[in-house]
Amino acid sequence: AETSARQSQRMELLGQLTAGVAHDVSNVVQAVIAGAELIEKSQDPERMRSLARMVCQAGERGQVLTRRMLDFARRDGADGDDGTAVTDPAEAVGGISELMSRTLGQAHRLRCEIERQGLPTLVRGGRGGLEVGLMNLAANARDAMPAGGEIVIRLAPERVAGRHPARLVPGLYVRVSVADTGEGMPPKVLARAGEAFFTTKPRGKGTGLGLSSVRGFAESAGGALRIESEPGRGTTVTFWLPAAAEDTREDPASNVLPLRAR
Ligand code: ADP
């Protein structure tokens, strides 16, 4: 049941992505047409060359977007269900956050911070589940900030040794969090937020399956999920996925990728 719920969510999310990406691709096509028209009228070879370069860059941009989108559509949601799938978390988060930043409206910005030093190169859990999870959490963050605001996705390594607040067993994990500065949840909502089918959203907007499916994904990979929220201040949802091996990145610096919506 969890798998089919995730699949239908995936289709819904895909619809949202399609709309956002189509809008962007149409901007790219406009830039290509405008560039080609300018080349047609131009007499100056130097200017023609630089316009042609601009047209190529715009075209490549469109290609990257459509390719990401097709990759997302092709991953069939069946990954990870046998418990053996592993994912490069930095790559997955980078790819999906780029797509997501395009589906958010003007009012919302997405920032993605990846602490690369010591980050496991592979974690348990399928890429599809991780992507859908992040999209669910980002959609919740957006809904919690109707007037707009910043959504921050953070990815960092965490070595668990003793007792852990989310009851993780000792080992190396990737900690993924999605934070907003929105309306937050009153204690009564917070207590029930992760329950399947619990929603405070109007019919047609909420299914109440977002948080419970992300929790299901994290737990079936051997991790956990935690929700912290304060009314009027915002919400941070964190989930952990265990490293699939002891390999970690040893990049000297951590990366902060500011991703602007449009
Ligand atoms: P849905 O978004 O379809 O309602 P979820 O399981 O994702 O389902 O969320 C359940 C409920 O938890 C939401 O209806 C909302 O009341 C609350 N919630 C979830 N995320 C947030 C958030 N980032 N800020 C405030 N409330 C949230």
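What follows is calculated from the coordinates using simple rules that are stated; it is not laboratory data. Computed from a prediction, not measured in an experiment: that's the story for all the values here. Neighbour counts are summed over all protein chains in view; Cβ atoms, including those assigned to glycine, are modelled from backbone coordinates with ideal geometry.
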Problem set entry | Debye intensity ratio I(q)/I(0), log10, segment 55-145, q values 0.10, 0.16, 0.24 Å⁻¹ (C-alpha model) | -0.30, -0.76, -1.29
Exercise. Ratio of Rg to Rh for segment 113-249, alpha carbon only, Kirkwood?
Worked result: 0.97
Problem set entry | √(5λ) per eigenvalue of the Cα gyration tensor, segment 1-62, largest first, Å | 41, 9, 4
Exercise. Taking 0.36 nm per residue of separation and subtracting the Cα-Cα distance, what length does fully extending R192 through E46 add?
Worked result: 46.2 nm
Problem set entry | Cα shape, segment 49-202, gyration tensor, a/c 1.5 rule | oblate
Exercise. Using the C-alpha gyration tensor of segment 131-201, what are the square roots of 5 times its eigenvalues, in whole angstrom, with the largest one first?
Worked result: 26, 16, 11
Exercise. Given the C-alpha centroids of segment 222-242 and segment 134-209, what is the distance between them in whole angstrom?
Worked result: 4 Å
Problem set entry | Sequence of V176, V189, V55 once ranked by neighbouring C-beta atoms within 10 Å, starting from the fewest | V189, V55, V176
Seminar exercise, completed: Residues whose built amide H sits under 5 Å from the amide H of A221, excluding neighbours closer than 5 in sequence, are none
Exercise. Which whole-Hz couplings ³J(HN,Hα) result when phi for each residue of segment 213-220 is put into the Karplus expression 6.51 cos²θ - 1.76 cosθ + 1.60, θ = phi - 60°, listed in order with x for Gly and Pro?
Worked result: 6, 5, 4, x, 4, 5, 5, 6
Seminar exercise, completed: The answer for the per residue Cα convex hull volume of the chain, in Å³, is 145 Å³
Exercise. What residue among P165, P89, P157 has the largest mean-square fluctuation in a Gaussian network model of the chain, using Cα springs under 10 Å?
Worked result: P165
Problem set entry | Bins of 10 Å, starting at 0 and running to the largest distance - Cα pair percent for segment 166-246 | 18, 45, 28, 8, 1
Seminar exercise, completed: Computed, not fitted: 222 nm per-residue ellipticity of the chain from DSSP H runs ≥ 4 (each -39500 (n - 2.57)), nearest 500, equal to -16000 deg cm²/dmol
For this session: Please report, in whole Å, how far the alpha carbons of segment 97-171 spread along each principal axis, starting with the longest.
Result: 42, 24, 22
